[in-house]
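Here, each number is a calculation from the coordinates, and none is a lab measurement. Remember, it's a predicted structure, so these values are computed and weren't measured experimentally. FYI the Cβ positions are ideal-geometry reconstructions off the backbone, even for glycines, and counts take in every protein chain you see.
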Amino acid sequence: MKRIILLCILVAFIGTSAHAQNNGSSYTTALGLKMWNYGAGFTIKHFVTPNQALEGVLYGWHGGGRFTGFMVYRSRYARR
C-alpha cells in the first residue's frame, strides 16, 4: 500500500513539474531552501540576461557555514 501511495505522489509530482516547465514563465529571481541531516542552506538565483544568471548558496551547519557563488551561462547549443 505504501508503494502505491508513493508511486501516485511521484507521478503527480512529475506531471506537475512537466506542466510548469511548459508554461514559459518569465521569472527573474528564484529563492530556495535546502535541508539535510547536518544543516540547511538558502539559495538565490537571479537572471541578469536571458542567457546569464548569478546564483548564490549559503550553507550552515553546527560546525560553521559556507557561501558559494556561481555564474551560470546557457549557450545556444543548450536550448531546444
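Gly56 sits among other residues whose Cβ lies under 15 Å from its own Cβ, and their net charge, with Lys and Arg +1 and Asp and Glu -1, is +2. For segment 58-64, 3J(HN,Hα) computed residue by residue from phi via the Karplus equation (6.51, -1.76, 1.60; θ = phi - 60°) reads 10, 9, x, 8, 4, x, x Hz, glycine and proline entered as x.
Couplings 3J(HN,Hα) of segment 46-54, computed from phi: 10, 7, 8, 9, x, 10, 10, 9, 9 Hz, in residue order, whole Hz [Karplus 6.51 cos²θ - 1.76 cosθ + 1.60, θ = phi - 60°; x for Gly and Pro]. Remark: Lys34, Lys45 ranked as Lys34, Lys45, counting other beta-carbon atoms within 10 Å and listing the fewest first.
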